[in-house]
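The values are calculated or read from the model by the stated rules, or taken from the named source; none is laboratory data. Treat the numbers as computed from the prediction; the structure is a model and nothing was measured. Cβ placement follows ideal geometry from the backbone for every residue including glycine, while neighbour counts extend to all protein chains displayed.
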Amino acid sequence: MRSAVILAGGNSHRLGLEKALLEFDGRPLICWTAEVLLQAADEVVVVAKDRDHARRLAQIVLDRTPSNQTVSDQNRIRFTWDSIRGFGPVAGLEAGLRMARGRFAFATACDLPFLNRMVIEKLFDLADRDLGYEAAVPVQPNGYFEPLHSVYERAKMQHAFQRALERGERRIHVPLQELVVNRVPKEQFLPMDPELLCFFNLNTREDLKMAQALWLEKQKRS
């Protein structure tokens, strides 16, 4: 069983908008993100900032689900919230991985409008424990990790995040060091995503404008 965890509770000070609710082609980004992940994983866990936020996101996803999506697909999406509000992605991922049930889980944030199903599936394959790995993490040419576009062995990473919370550690790369990581160069995904748009994330108004333009361009080509 494969799981996917979406962090949807973070604040966007630079963008000034709730990223999960940014609209693309008439639907909130949280809906598009969940839809892609349901194609690559058996279940999706959405992590909100608190209980009320989780209920609101659940209602939005339910109301904005396409008519051709089945009830079983909707039942594969569950909602939870940060274990420590305002602590950051370590708390969100700990909560999401704790609720998830798969042996491996893809972790992402709700600010990547061009997630690619084939890239996600490849990451699941590259994190295979039979190959000696417990995680598959894309790496930029400068050595920078993409921890919110990665696959982790769920139970081990959840326990690593739990220990990080106990120490007050907010940086994802610290608990990640407890796993055997397959460091995957981004270039390896070019055959599946020639422009590597799956790593494009939204931080500023300029990013949003560019993403909306790219989205329209992709829609015209499809």
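Test Tyr133 against the stated conditions and say whether it is part of a strand (DSSP E or B) and either hydrophobic (A, V, I, L, M, F, W, C) or closer than 30 Å to Glu195 by Cβ (or both).
no
Has region 121-129 got any residue that is closer than 28 Å to Asp50 by Cα and in a helix (DSSP H, G or I)?
No - not one qualifying residue is present in region 121-129.
Kindly evaluate Thr108 against the criterion of being in contact with a His (Cβ under 8 Å, 6 or more places away or on another chain) and not aliphatic (A, V, I, L, M).
Considered against the rule, which asks whether it is in contact with a His (Cβ under 8 Å, 6 or more places away or on another chain) and not aliphatic (A, V, I, L, M), Thr108 comes out as yes.
Residues in region 148-164 that are surrounded by 18 or more Cβ atoms within 10 Å (Cβ to Cβ) and either under 17 Å from the mean Cα position of the chain (by Cα) or touching a residue at least 40 places away in the same chain (Cβ under 8 Å) (or both): how many?
11
All but one of (1) in contact with a helix residue (DSSP H, G or I) (Cβ under 7 Å, 6 or more places away or on another chain); (2) surrounded by fewer than 22 Cβ atoms within 10 Å (Cβ to Cβ); (3) touching a residue at least 40 places away in the same chain (Cβ under 8 Å); (4) not charged (D, E, K, R) hold for Phe145, so report the exception by its number.
It is condition (3) that Phe145 fails.
For the structure I just gave you, tell me whether Arg101 is part of a loop (DSSP other than H, G, I, E, B) and at pLDDT 95 or above.
Criteria met by Arg101.
Could you tell me whether any residue of region 159-175 is within 17 Å of Arg98 (Cα to Cα) and of a type in the set (S, T, N, Q)?
Scanning region 159-175, I find at least one residue that is within 17 Å of Arg98 (Cα to Cα) and of a type in the set (S, T, N, Q), so the answer is yes.
For residues in region 187-222 being part of a helix (DSSP H, G or I) and in contact with an Asp or Glu (Cβ under 8 Å, 6 or more places away or on another chain), which is farthest from Ala127 (Cα to Cα)?
My answer is Gln219.
Out of Val181, Val174, which single residue is of a type outside the set (Gly, Ala, Ser) and touching a residue at least 24 places away in the same chain (Cβ under 8 Å)?
Among Val181, Val174, only Val181 is of a type outside the set (Gly, Ala, Ser) and touching a residue at least 24 places away in the same chain (Cβ under 8 Å).
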